[in-house]
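The structure under discussion appears below in the form of structure tokens.
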Amino acid sequence: MIKLFRGGSWHVCFRERREEDDRLELDLPFSVVPNPPNGWIADPFLFSHGDRLFLFAEYFINAKEKGVIGVSEYRNGEFTPMRQVIEEPFHLSYPMVFAHEGSFYMIPESGQGGRIGLYRSANFPLEWEFTAEIASGGNFADTTLTKIEGGALELVSYQKADDCYRVFLIEFSLDEMRLVRCDSSSYGEDYCRPAGLPLTVDGRSLIPVQDCREKYGESIGLFPFDHTAGFAARRPVRVIDADSVSVAEEASFQRVHTFNRLGCFDVIDVFEERFDVLHAPKMLRRRIRTAALKHNRLRG
């Protein structure tokens, strides 16, 4: 398929494993969570509160040509329809949710807005308020929590500029609402973008990382991670690609982006390519919107 017309949509897939363990059994089938009628969902994150399980995701609305943040609850073996909970003038995705001292927080990707933003829930899970700017001045993508100790957050984030790929190691104080440290390292290939929360596989602590060297979402590698050195090892311990993900429904998927695990539950997003004659104009409008938002930030 000619890249100019290679459109499609993302889908979130979900499975409940037989038991809570640290094995990665890719042959255990996933089920596709139905997409909303007006768009699609991606970047899945699971969060439990009491005996309730929630799915937070990017909720891309076709008519708006941008993502908002949505939430769904797991009830009676299926997820409820996605509900919008956060919208900004810019695109939002990758809604990383965590709790600290009785409060619920979210750090969604808001790179198109030129920042890493922190939100706090005023009424979980439906109402969220912007609380603080963790970092600014760039198109930060897929910021991921690697450790929380006391009120100190350790985060990893990603930026792409031309052929340079940068990973940011960030420390932020929730108690003081201030940035403590932000260091960066450069990588020569596009295989350093976070793709989910850290997890334990076969007794090893690993972090999912996107392989975008050939195409966006080519595969996910599971890497050892050190917050002082970043992705020191350049060979993944395990690799997840679209071909290795078993899906109960008959469908063909070509890419993967985010993998997360909570207890005995796993979620992953997969991309279904299809011919779209309007794909190029959509991408052009998105680039124009991003440039306009950047121009307005610089003027302001």
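No value in this document is a laboratory result; all are computed from the given coordinates. Since we're looking at a predicted model, the values are computed, not measured. Virtual Cβ from ideal backbone geometry, glycine too; neighbours counted across all protein chains shown.
List the relative contact order of segment 104-260 as a percent without decimals, with contacts defined as Cα pairs under 8 Å and 6+ residues apart.
Reported relative contact order: 13 percent.
For the chain, set up a GNM with springs between Cα atoms under 10 Å and report which of E154, E218, E88 has the largest fluctuation.
In this elastic network of the chain, the residue with the biggest mean-square fluctuation among E154, E218, E88 is E88.
Regarding segment 1-98, what are the three Cα extents along the principal axes, ordered largest first, in Å?
43, 35, 23
Going by average Cβ neighbours within 10 Å, how do the peptides 191-199, 134-142 rank, with the highest at the top?
191-199, 134-142
For segment 53-127, just run the numbers: alpha carbon Rg, then divide by 2.2 N^0.38 Å, N being how many residues it has.
Ratio of Cα Rg to 2.2 N^0.38 Å: 1.10.
With +1 assigned to the C-beta of every Lys and Arg and -1 to the C-beta of every Asp and Glu, and no other charges, what is the dipole magnitude of the chain about the Cα centre in debye, to the nearest 20?
1220
Tell me, what is the FRET efficiency for R235 and N38 to the nearest 0.05, using R0 = 45 angstrom and their Cβ-Cβ distance as r?
Computed FRET efficiency for R235 and N38 comes out at 0.60.
Counting just the Cα atoms, what span does segment 158-238 cover along each of its three principal axes? Round to the nearest Å and put the largest first.
40, 37, 18
Given the chain, what count of lysine pairs have C-alpha atoms under 27 Å apart, with each pair 8 or more places apart or on different chains?
Close lysine pairs under the 27 Å cut-off: 21.
Just to be sure I understand: with springs between alpha-carbon atoms less than 10 Å apart, which residue in A132, A63, A99 has the highest mean-square fluctuation in the Gaussian network model of the chain?
Taking springs between Cα atoms under 10 Å, the residue moving most is A63.
Evaluated at 20 °C with a viscosity of 1.002 mPa s, what Stokes-Einstein diffusion coefficient in µm²/s does segment 12-164 have when Rh comes from the Kirkwood expression over alpha-carbon pairs?
Stokes-Einstein gives a translational diffusion coefficient of 129 µm²/s.
Set the Förster radius R0 to 25 Å, insert the Cβ-Cβ distance between R75 and E101 as r into 1/(1 + (r/R0)^6), and round the FRET efficiency to 0.05.
For R0 = 25 Å, the calculated efficiency reads 0.35.
Multiply the residue separation of K160 and S185 by 0.36 nm, subtract the distance between their alpha-carbon atoms, and state the gained length in nm to one decimal.
Gain on extension, K160 to S185, equals 7.8 nm.
Take the eigenvalues of the Cα gyration tensor for the chain, scale each by 5, and report the square roots as semi-axes in whole Å, largest first.
25, 24, 21
Between A63 and D202, what FRET efficiency follows from the Cβ-Cβ distance if R0 is 41 Å, with the result rounded to 0.05?
That pair, A63 with D202, gives E of 0.40.
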